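Below is one structure; the comments refer to it alone.
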Amino acid sequence: MRPRKRLTYALGPLLTLFLAACTGSQEPPLPALVAAGGQDQVRFYRAQDLQGGGVNPVATWSTPGLQDLAYSNAFQRLYLLFPDRVEAYDTTGFTADAAPQGTPSLASLPADCTGGYLRLGQNQLLAHCPAAGRAFLLALSDLSALQEADLTGLPPGNGVRLALFPQGTLDLLAYISQQALGYRPALNPTGTPSLETPLDPLPSQGPFDLQADRNQGRLLGLAATATEVRLYVLEGNALTSRKVLGDFPQPSRLALDPVGGGVAYGPGFQVLFPKDSGPQQPFKTYTAGLVGQDGYLYLVQGTGLEVYDLVPSPPLRVQSLALGFSPQSLAFIPVE
């Protein structure tokens, strides 16, 4: 337990909640598992173990062909993407000591999704299969009613990154290419509400990633010019961009949590909000990242995992761990 957080015990429950919301830290620590997926398996670690230096998983699932994973806190389900299907696992039985695999809901995909990824909306799950040039929508509640998103007018393959952008009760299809950042109805490219804004400056590398910051009602995308990685932010009708991650443009990604904050990572990392840290660890290359609701940042470099406390600025590294395998995706799962 870190001494600067012990003081909250004496402050009363309302003030404690206020401080937790402001700092992203919680006292007592939030019980949670970190799911790490890669190399045909998912390993589940106690978040507190990782913060304290422990690397023994509480459970390991065999998942041959795993491409990506995502967790919905609202629906308490863990979603796994495979080349031919999506599986959803109920996590209500998870504890700090166990992650029973159970029997998943399953939806077959009518395209090869090797190299694909998942994005969560408020009611729907998006599976983008760049190699096939297709994307599919499924209900988060039970994976029912599979629909194909209409990608008419968007670049093929890895020339576009997709996400789901909530507006009202809708999950709009958001996209970033080397030309534009925008959104539109997923099944109707000419429908409303929609907005498309040209990127400035135009990138020549990527796009690398696109995420929706639901709390702020904005879209964050990453791409690069010949000399720098740039963060593009679409908020309302206004598009802004700025350099991030130092002077070595490489593929980069975003990790966002409405409580914990937002981070760009790849060639090093940089906390974007709630307080910009500036570039950190610029000579390291990170391939997976997670911002937890507990206010910690988890970053994968090869078979290693670094854990940072995001409360200080710049963030404080609390652990550097050897996992013994190379996760490609991470998820934070609160448990009882």
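Inside the stretch 238-250, residues that are out of contact with any Leu (no Cβ under 6 Å at 6 or more places or on another chain), over 30 Å from GLY168 (Cβ atoms) and either open to solvent by less than 40 Å² (accessible area, probe 1.4 Å) or in a loop (DSSP other than H, G, I, E, B) (or both) make up a count of 6. Summed over the stretch 295-336, residues that are closer than 26 Å to ASP90 by Cα and either modelled with pLDDT under 95 or in a loop (DSSP other than H, G, I, E, B) (or both) total 8. Residue count for the stretch 142-158, restricted to those that are surrounded by 16 or more Cβ atoms within 10 Å (Cβ to Cβ) and either over 22 Å from THR192 (Cα atoms) or of a type in the set (S, T, N, Q) (or both): 1.
For the stretch 123-139, filtering for residues that are surrounded by fewer than 19 Cβ atoms within 10 Å (Cβ to Cβ) and under 17 Å from LEU106 (Cβ atoms) leaves 1. Of all residues in the stretch 159-181, those satisfying the criterion of being at pLDDT 95 or above and of a type in the set (S, T, N, Q) are SER177, GLN178, GLN179.
Selection of first residues in the stretch 184-199 that are among the β-branched types (Val, Ile, Thr) and of second residues that are part of a strand (DSSP E or B) and open to solvent by 40 Å² or more (accessible area, probe 1.4 Å), restricted to Cβ pairs under 7 Å at least 6 apart or on distinct chains, gives the following pairs, ordered by first then second residue: THR197/LEU239.
Among the numbered criteria (1) assigned to a helix (DSSP H, G or I); (2) farther than 28 Å from SER241 by Cβ, which single criterion is violated by ASN158? Here ASN158 meets the rest and fails (2).
The values are calculated or read from the model by the stated rules, or taken from the named source; none is laboratory data. On a predicted model such as this, the values are computed, not experimentally measured, just so you know. In this analysis, Cβ positions are derived from the backbone assuming ideal geometry, glycine residues included, and neighbour counts consider all displayed protein chains. Just so you know, the surface numbers come from the protein's heavy atoms only, side chains and all, with ligands and any DNA or RNA stripped out. Shrake-Rupley method; radii C 1.70, N 1.55, O 1.52, S 1.80 Å.
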